[in-house]
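**Q** For reference, the structure I am asking about is given below.
The numbers here are math on the coordinates, done by the rules we state, and not lab data. Because the structure is predicted, anything quoted here is derived from the model rather than measured. Heads up, the Cβs are rebuilt from the backbone with ideal geometry, glycines too, and the neighbour counts pull from every protein chain shown.
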Amino acid sequence: MRNAYAMAIASVVLGCKLQASTQPPEDAGAAEDGAQADSVAESKPIDDGATASADGGDVESDGGAPGDGGAVAVADGGAASDGGAASDGGEEASDGGPSSDTGPSSDTGTTDSGSTQLASKPVVATLELPRPLHAGTDAKCGKDPGVGERLKAFSLPGLEEGKSVTQGTFRGRVLVVNFWGTWCKPCLKELPEFDQIYRRYRKHGMTLLAIATDEDAAAVKDVVDKRKLGAKIAIAGEDYAGQYGSAKFPFTFVVDYKGVIQASYRGYKPECMGQLEADIRQQLQVRADAKAKHAKGG
């Protein structure tokens with residue numbers, strides 16, 4: 001009886017020791033390995049991201065390679081090797097795409113250092129001109145000889161005795177130079193029409209200079225007074241007119257503010273009046289733009 005009881009106790013004791021000696025070490029090892037695995041799992045993404053930032057490799061979470069715009073790693077926010085700084089339009093790791101607020105706009109440029117600057121824009125003046133007097137234009141008009149040449153220098157008598165008129169008198173103005181004579185009937189039809197245009201645009205920078213071939217100041221003044229012309233008048237211009245070799249009178253030049261002939265009209269051409277006015281308006285705009293650019297320091 002004692003032997004049977006002793007064996008039963010020994011069996012129980014030995015069974016507990018075997019369970020204690022085998023199973024717990026396995027559970028402890030698994031727990032310890034699991035802790036290490038969790039530790040590695042938690043640290044690995046940060047380590048990988050830092051490595052990608054350092055060597056310029058792909059960062060999958062950013063969705064872009066450095067060659068496609070440059071990925072910025074979370075670890076240091078630095079720029080990839082060729083993608084530029086984030087403020088210049090690089091991709092940010094926080095949202096995996098290009099920044100909508102920092103990309104270069106259509107009117108900015110990038111300097112060699114990577115910083116952005118405003119691209120230069122042409123200076124355009126706001127010139128409020130009155131409505132044209134003449135509707136319709138004809139591109140064939142205004143192409144007669146003289147276009148592109150500088151207006152030849154002159155010094156001619158004015159209507160007032162002792163007063164002379166030179167090209168320097170009108171420096172910086174858009175000048176319409178009309179060659180005419182009291183003996184020329186087409187001239188007497190055309191000049192009042194030009195004078196109407198002059199009165200419309202003179203405060204915007206245009207001057208009408210009517211150069212008569214006549215040497216008799218009294219005869220010229222009589223025409224000017226009867227037609228109430230506001231044009232600037234020079235006389236005794238036959239030799240000067242001859243320098244342009246025109247066989248037709250009247251003839252007219254539209255001269256820009258620099259003294260270059262931009263349009264030439266030989267003969268009286270009522271059908272070209274709209275084009276002549278358009279040429280004047282265009283040169284007034286060019287003059288206004290130049291003044292605005294100068295005022296801005298360009």
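**Q** Neighbouring Cβ atoms within 10 Å as the yardstick, rank Lys189, Lys140 fewest first.
**A** Working: Lys189 12, Lys140 9.
Exposure proxy ranking, most exposed first: Lys140, Lys189.
**Q** Now, a different point. Where the centroid of each part is defined by its Cα atoms, how far is region 220-251 from region 142-166 in Å?
**A** Cα centroid to Cα centroid, the span is 10 Å.
**Q** Residues with beta-carbon under 14 Å from that of Gly259, excluding Gly259: net charge, scoring Lys, Arg +1 and Asp, Glu -1? Display every interim value, and only then the final one.
**A** On the way: positive: Arg150, Lys152, Arg171, Arg173, Lys258, Arg287; negative: Glu149, Asp256.
Once all neighbours under 14 Å are counted, the net charge is +4.
**Q** Separate question: What number comes out for the charge environment of Pro192, summing +1 per Lys or Arg and -1 per Asp or Glu over other residues with Cβ under 11 Å away?
**A** Summing Lys and Arg as +1 and Asp and Glu as -1 gives +2.
**Q** Tally the DSSP beta bridges in region 155-295 and give the antiparallel ones as a percent, rounded to 5. Walk me through the intermediate numbers first.
**A** Values: 14 of 24 bridges.
If we restrict to bridges inside region 155-295, about 60 percent are antiparallel.
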